[in-house]
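Q: Below you'll find the structure I mean.
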Amino acid sequence: MLTTKLNTLPLFFSLPLAAVLARPNPAGPNGPKPLELQPSRVVLHDAHWTGGNTCDPGLCRAYRSPTDGGHDLSTLLTFTYPPDFNGKTCWLEFATPSVSQGGLVDVFTQWSPVNTCPSAANNRDRDLGRMSVPWGGGKATWIETYNGGSYMTAPGPCTGKPGAVEGFEVVGVGDFVNITWMQLPGMGLRVLYLT
Ligand SMILES: *[C@@H]1O[C@H](CO)[C@@H](O)[C@H](O)[C@H]1NC(C)=O
């Protein structure tokens, strides 16, 4: 697989390849512009056993540090699919603002979305894949996929029944990572879709 070889290449080789692998619009440059679905709930998860969850945190983070005493932070996002989502094509896109540091994140599914606070669990399920987040913000690129085939890492059939909810978790990878964003139009983790 090209994506596997990518990681064995030096960074200066992998960057242009990563750009080629990015699929900004699967319908082609002249195809219909994808629409985006924003999460219906955003929760900041502190992995420390005393940490717990904060609903609607404003600033979302994927944070890990060897000096934070175990208070690593991830962000849980619930998507509620509108009633007319049958037959649509969906995938995930993640973008950060210019103030954000870069690094790697893994995107997990949740076995059940977290929508209420106070609460503690993150309900982590499958690791869908790893994204490279550019320093100084911009659109992240999938560099590996893991336990979902191409589910949500590339355009494919939208999940679930109309009105279904689905939760994802954005988790920092590495010894130190501090990726920050607000969920706004064109920003953060969104489900992009074609009708
Ligand atoms: C993490 O990023 C936020 C927002 O950019 C910043 O305020 C904070 O100082 C950063 N923390 C570290 C440890 O780099």
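Q: Keeping every protein chain in place, order 55, 90, 117 by accessible area at 1.4 Å, biggest value first, i.e. largest first.
A: Ranking 55, 90, 117 by accessible area, largest first, yields 117, 55, 90.
Q: Give the ranking of 67, 159, 50, 109 by solvent-accessible surface, highest area first, calculated with a 1.4 Å probe.
A: Accessible-area ranking of 67, 159, 50, 109, largest first: 67, 50, 159, 109.
Q: Taking every Cα atom in the chain, find the radius of gyration and the maximum pairwise distance Dmax, and write them in Å.
A: Rg and Dmax of the chain, Cα atoms, are 16.2, 51 Å.
Q: Can you list the cysteines of the chain that have no other Cys Cβ under 4.7 Å away?
A: Within the chain, the cysteines lacking a partner Cβ under 4.7 Å are 60.
Q: Could you give the dipole magnitude of the chain about its Cα centre, charging the beta-carbon of Lys and Arg +1 and that of Asp and Glu -1, in debye to the nearest 20?
A: 460 debye
Q: Quick one: net charge around residue 175, please, counting Lys, Arg +1 and Asp, Glu -1 for every other residue with C-beta under 13 Å from its C-beta.
A: That works out to -1.
Q: Quick one: compute the contact order of the stretch 36-194, relative version, from alpha carbon pairs under 8 angstrom and 6+ residues apart, as a percent.
A: Over the stretch 36-194, the number comes to 36 percent.
Q: Oh, and also: In the chain, if the dipole is taken from +1 on Lys/Arg beta carbons and -1 on Asp/Glu beta carbons about the Cα centre, which of 111, 57, 143 is farthest to the positive end?
A: 143
Q: In what order, largest first, do 108, 94 sit by accessible area if the probe radius is 1.4 Å?
A: Result of the area sort, largest leading: 108, 94.
Q: Rounded, prolate or oblate, given the Cα gyration tensor of the stretch 104-195, with a/c below 1.5 counting as rounded?
A: Verdict is rounded for the stretch 104-195.
Q: Moving on. On average, how much accessible surface per residue is there in the chain, in Å², for a 1.4 Å probe, leaving out ligands, DNA and RNA?
A: Dividing the accessible area of the chain by its residue count gives 50 Å².
Q: According to the square roots a ≥ b ≥ c of the eigenvalues of the Cα gyration tensor, what is the shape class of the stretch 100-139, taking rounded for a/c under 1.5, prolate for a/b larger than b/c otherwise, and oblate for the remainder?
A: oblate
The values are calculated or read from the model by the stated rules, or taken from the named source; none is laboratory data. Because the structure is a prediction, the values reported are computed rather than measured. Because the Cβ atoms are built from the backbone with ideal geometry, glycine has one as well, and the counts that use them run over all protein chains shown. Note: accessible area is taken over every heavy atom of the protein model, side chains too, but ligands, DNA and RNA are not part of it. Shrake-Rupley method; radii C 1.70, N 1.55, O 1.52, S 1.80 Å.
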